[in-house]
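For reference, the structure discussed in these notes is given below.
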Amino acid sequence: MNANFLQTPISYLKGVGPNRADTLQSELGISVYQDLINLFPNRYIDKTKYYKINELQRSGADVQLVGKIVHIKTVAQQRGKRLVALFVDETGEMELVWFRGQKWIKENLKLNTPYVVFGKTNWYGGKFSMPHPDMELLTEHQSGIRMSMQPIYPSTEKLSAKGITNKVMGKLIQQLFTETKGRFMETLSPYLMEQLKLISKSEALLNIHFPKSQNLLAKAQFRLKFEELFYVQLQLIIKKMVRKQKIKGFTFDTVGAHFNSFYKDHLPFELTAAQKRVIKEIRADLGSNAQMNRLLQGDVGSGKTIVAVMAMLLALDNGFQACLMAPTEILANQHFNGIKQLLGTLGIEISLLTGSVKKSARKIIHERLENGELHILIGTHALLEDKVKFKNLGFAVIDEQHRFGVAQRSKLWHKNDNPPHILVMTATPIPRTLAMSLYGDLDISVIDELPPGRKTVKTVHRYDGNRLKVFAFIKDEIKKGRQVYVVYPLIQESEALDYKDLMDGYESMVRDFPLPDYQISIVHGKMKSEDKDYEMERFLKGKTQIMVATTVIEVGVNIPNASVMIIESAERFGLSQLHQLRGRVGRGADQSYCILMTSHKLSSEAKTRLETMVRTNDGFEIAEVDLRLRGPGDLMGTQQSGMLNLKIADVIKDNDILKTARFYAIQILKEDPLLSTPQNKALQFTYAQLVKHKNIWNYIS
Ligand code: ADP
Ligand code: MG
């Protein structure tokens, strides 16, 4: 069927009309034929077997029977009434029962006419009954598309309320098959079909909706999942290719004084093998004439900063400026101080630009940036403002990418006439599979090794009732000269309540850890940034022993003497957040601890999160669990979730198919970058259609 036909508005389909069209659009986003054909069932019910009444088991399974209704009556019950039909076959009798919609059913049911009924059976009062069965006249059943597996479509309350039941949905799709004669244009190339032994598009669509057998269903699923993932990969790779060809990067061919002198004389420690490898990867990119877009993954504390700093030095050595953008002011501050300390004696000009930099100081920074006096600029989102203009930005680092959307990445990109090289760093490790589908347009480097001598943080879960013991433990640690974080959740929707929890917690800490023996700092998002900095500074200098805070300290804060992390209401945090928080300790030479405090009321998901934290320190493993619990959209934050709006494939479960899809996408594009050979005609056409109808994601521009 030709591609335009599938763009017909859904209201034109027989059986839809304007009302249903509206509901389909608002509930399922279906506006044209194509959307409906791509509404794939969630699950299937096996209808290969017709049961006899005397074969029914008390297991409550879904079954299908053929028989007749011989009698209907309305039975009064405590509240309201129910409609009961006596249903018989040659082996016995049972009841069909309705609590809702009785009038309509009573008027429409035919007595003594063969029906196929389908539903869950109950054993009640010495006989079987089936509440709200799916019913179809046997004649109707026999004339429909023969199916052994009944599809169950995604549904919503509103859909059922408007009478668009699963059965109706099936009918509509059947109607669509009638109008299209079940013929759909092939969207994959003969080469792929042959290599992967795929069934045709038409066969796949038919069997995904109306499977003829388990085997054909499996083939249909494979074919459609492959197709979906293939086009995602195709898009990602095409984007990357276009960028690499069209956009010439600055070539940093000199490894000069800054880099060499730093490497020889100023490195505060020996780099790990993983850090060296990644620096090499980055150097190779910067030395070629393509523009770098690289994602640097590494667990909390793996030492990503130094890698970024050394890459910045390469930019400087080649006459360019560099910048680093962090998601919070605290983190930007810390990077600024840390990097200044690292590079202090090299004669490099570094400034900090955040929202709280005064206007006058800001003006000076703007000027020095434009005339090139400033070499490195570190800051927050403030860097993205239009007023911030570089003389020649050659290299940009984005720290903790999961906090930023794609929009920011692209904004940095446009800071120059020529885009700078971009290094994106993330401490929320993303499983490789997901990274491939989310960031498939980036190159990926991984630091998979922690600096030597790190002790793993001991993690325990304690109930609120054990608080006194926990406090005693804190006192012991403080006696040893250590410092302690106590973190409270701050979740937007219940902000006022959360602040109250935080303040109550702070007050109770003050009571249990009184002056003058103990000094307590508090930091939260509602404080002025000077006050925040002042408190952070006191904690950093060891003037206070306890830091009570919200998650503002989550990202990147580095205070090596802090060795205990107490997380209050830990059940309310997500896994990656817990892992980030834990990463605040274990940065010094001492054994560190993370104590997860919770009430006794825990959902099974919360339990899994806590158990995972106690079991492992490995960020990649934690990310896998997180992904399973929350699904990929949530994991990446809402900004990115739309990109993983897959219709049938699942990036985790269909990992192998994803790899295969990527493999073939790369291979095909390598041989035919424009997909212009006759062999790839279907691919070229389908890809163009997907882009045209925005059925494929809008990635970074
Ligand atoms: P992250 O990857 O979480 O951003 P950082 O770059 O902040 O980690 O590094 C964490 C700590 O480890 C810092 O104090 C840093 O100085 C230190 N560090 C980094 N690399 C090494 C190394 N190779 N050997 C020893 N310490 C290192
Ligand atoms: Mg960091």
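Of the residues that sit in segment 537-553 and are open to solvent by 10 Å² or more (accessible area, probe 1.4 Å) and at pLDDT below 90, which one is farthest from ligand 2 (Cβ to nearest atom)?
As a first pass, look at segment 537-553 and keep what is open to solvent by 10 Å² or more (accessible area, probe 1.4 Å): 537-538, 540-543, 545, 551-552.
Keeping just the survivors that are at pLDDT below 90 gives 537, 540, 551-552.
Numbers: 537: 19, 540: 16, 551: 16, 552: 15 Å.
My answer is 537.
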* Looking at (1) among the aliphatic types (A, V, I, L, M); (2) assigned to a helix (DSSP H, G or I); (3) farther than 27 Å from residue 627 by Cβ; (4) within 15 Å of ligand 1 (Cβ to nearest atom), can you tell me which one residue 589 breaks? -> (2)
* Asked: Which one of these is of a type in the set (Gly, Ala, Ser) and within 16 Å of ligand 2 (Cβ to nearest atom): 372, 303?
  -> 303
* To do: Specify the residue that is farthest from residue 305 (Cα to Cα); the eligible residues are those in segment 555-586 that are of a type in the set (S, T, N, Q) and more than 10 Å from ligand 1 (Cβ to nearest atom).
  => 569
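Which one of these is crowded, with 18+ Cβ neighbours inside 10 Å, part of a loop (DSSP other than H, G, I, E, B) and not acidic (Asp, Glu): 268, 327?
327
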* Asked: Is one or more of the residues making up segment 456-465 assigned to a loop (DSSP other than H, G, I, E, B) and of a type in the set (Phe, Trp, Tyr)?
  -> no
* **Condition broken by residue 262, with the remaining ones in (1) of a type outside the set (Gly, Ala, Ser); (2) open to solvent by less than 20 Å² (accessible area, probe 1.4 Å); (3) modelled with pLDDT of 90 or more; (4) touching an Asp or Glu at 6+ places or on another chain (Cβ under 9 Å) satisfied** => (4)
* Structure fact -> By residue number, the members of segment 354-388 that are over 21 Å from residue 258 (Cα atoms), in contact (Cβ under 8 Å) with a residue 24 or more places away in the chain and not in a helix (DSSP H, G or I) are 354, 355, 356, 357, 379, 380, 388
* **Residue among 273, 284 that alone is under 34 Å from the mean Cα position of the chain (by Cα), in contact (Cβ under 8 Å) with a residue 40 or more places away in the chain and farther than 30 Å from residue 691 by Cα** => 273
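Of all residues in segment 1-19, count the ones that are part of a helix (DSSP H, G or I) and open to solvent by 70 Å² or more (accessible area, probe 1.4 Å).
The number of residues fulfilling the criteria is 3.
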* To do: Report yes if some residue within segment 78-87 is under 27 Å from residue 169 (Cβ atoms) and of a type in the set (S, T, N, Q); otherwise report no.
  => no
* Would you check if there is a residue in segment 295-312 being over 27 Å from the mean Cα position of the chain (by Cα), outside the structural domain of residue 585 (by TED's automatic domain parsing), farther than 21 Å from residue 450 by Cβ and more than 13 Å from ligand 1 (Cβ to nearest atom)? => yes
* To do: Give the number of residues within segment 32-59 that are over 17 Å from residue 121 (Cα atoms) and buried (at least 16 other Cβ atoms within 10 Å of the Cβ).
  => 11
* Asked: Applying the selection to segment 603-614, what residues are open to solvent by 10 Å² or more (accessible area, probe 1.4 Å) and either at pLDDT 95 or above or under 27 Å from residue 562 (Cβ atoms) (or both)?
  -> 609, 611, 614
* So is residue 198 of a type in the set (A, V, I, L, M, F, W, C), at negative phi and either free of Cβ contacts under 8 Å to residues at least 24 places away in the same chain or surrounded by 16 or more Cβ atoms within 10 Å (Cβ to Cβ) (or both) or not? -> yes
* Residue that is surrounded by the most Cβ atoms within 10 Å (Cβ to Cβ) [pool: residues in segment 569-595 that are of a type in the set (Lys, Arg) and within 16 Å of ligand 2 (Cβ to nearest atom)] -> 584
* To do: Answer yes if at least one residue in segment 280-289 is open to solvent by less than 20 Å² (accessible area, probe 1.4 Å) and either part of a strand (DSSP E or B) or away from ligand 1 (no atom under 11 Å from the Cβ) (or both), and no otherwise.
  => yes
* Looking only at residues in segment 69-100 that are out of contact with any strand residue (DSSP E or B) (no Cβ under 8 Å at 6 or more places or on another chain) and among the polar types (S, T, N, Q), which one is modelled with the highest pLDDT? -> 91
* Has segment 365-374 got any residue that is at pLDDT 95 or above, touching a helix residue (DSSP H, G or I) at 6+ places or on another chain (Cβ under 9 Å) and not small (Gly, Ala, Ser)? -> yes
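Would you confirm whether any residue within segment 526-534 is of a type in the set (D, E, K, R), closer than 30 Å to residue 303 by Cβ, open to solvent by less than 70 Å² (accessible area, probe 1.4 Å) and modelled with pLDDT under 90? Let's see the steps before the verdict.
Going through segment 526-534, the residues of a type in the set (D, E, K, R) turn out to be 526, 528, 530-533.
In the following step, the residues that additionally are closer than 30 Å to residue 303 by Cβ were identified as 532-533.
Within this subset, residues satisfying the condition of being open to solvent by less than 70 Å² (accessible area, probe 1.4 Å) are 532-533.
Those still in the list that are modelled with pLDDT under 90 too: 532-533.
Checked segment 526-534: at least one residue is of a type in the set (D, E, K, R), closer than 30 Å to residue 303 by Cβ, open to solvent by less than 70 Å² (accessible area, probe 1.4 Å) and modelled with pLDDT under 90.
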* To do: Specify which of the listed residues (235, 245) is in a helix (DSSP H, G or I), open to solvent by 40 Å² or more (accessible area, probe 1.4 Å) and modelled with pLDDT under 95.
  => 245
* Structure fact -> Residue hits (segment 644-693; of a type in the set (Val, Ile, Thr), within 25 Å of residue 28 (Cβ to Cβ) and open to solvent by 40 Å² or more (accessible area, probe 1.4 Å)) are 691
* Structure fact -> Within segment 477-503, the residues that are under 22 Å from residue 578 (Cβ atoms), modelled with pLDDT under 90 and of a type outside the set (A, V, I, L, M) are 489, 492, 493, 494, 495, 498, 499, 501
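The values are calculated or read from the model by the stated rules, or taken from the named source; none is laboratory data. Because the structure is predicted, anything quoted here is derived from the model rather than measured. Cβ coordinates were reconstructed from backbone atoms using ideal geometry, including for glycine residues, and neighbour counts include every protein chain displayed. Side chains are part of the model used for accessible areas, which takes the heavy atoms of the whole protein and leaves out ligands, DNA and RNA. Shrake-Rupley method; radii C 1.70, N 1.55, O 1.52, S 1.80 Å.
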